[in-house]
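Any read-out appearing in this document is the output of simple, stated calculations on the displayed coordinates, not a laboratory observation. Note that this is a predicted model, so its numbers are computed, not measured.
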Amino acid sequence: MSGLSKSAKFHLFILMLNLFIALLGQGMVIPILPEYLKQFNAAGAAAGYLIAAFGAAQFIFSPVGGQLSDRLGRKPMLIAGLLLTVISDLMFAVGDTLTILYIARFIGGIGVGIMVPANMAYVADMTTPDTRAKGMGYLGASMNLGMVLGPGLGGLIAELGIRVPYFLPEDWVLSPCCCASLCLKRFRGRCVLLQGSRIGGNRLPA
């Protein structure tokens, strides 16, 4: 992360951690989904619909998340996205009907959809033209790492119980969520994003 200030490196690390954990939790459900659906007497078609529900929600709400992050600020959208992923995983863990599972995955897609644009915009705001590509690269690497490690980790944890992988990400996501909120408030005014960022001549909200 050379070329970035210490405060920018810290913010970038928090953003990378948030996306890594969020995508890790989503990836953990992939290998156990077919076995999990047997409890609902469902098979491959239902698994396909669940994955499609997540992708459709992310596709629909990513532009919305980007617009809201410009209007309301990066931090609120980041926190909201993380909390929605928590709600999604909890609903999926305790759901007893396929309808609840579909709703849970759709909510999860909304969470990731509004969180990723806010993270990317945050990086764009805190970096210079010379370091922006590097910052985006680190952010993308954290997302890919979460998706790569998630399935393997989910398969291992599933040995403790088929629903266990759906509960574990809650603790992992809530911690960085609170950490991000506290850290961004603490560094308010020190980073160009929080009070000094401008788009089209308009100052961005924190």
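Each Cα pair of segment 1-133 feeds into the Kirkwood radius, which the Stokes-Einstein equation turns, at 37 °C and 0.692 mPa s, into a diffusion coefficient of 208 µm²/s. Average projection, convex hull of the Cα set of segment 77-150: 5.3 square nanometres.
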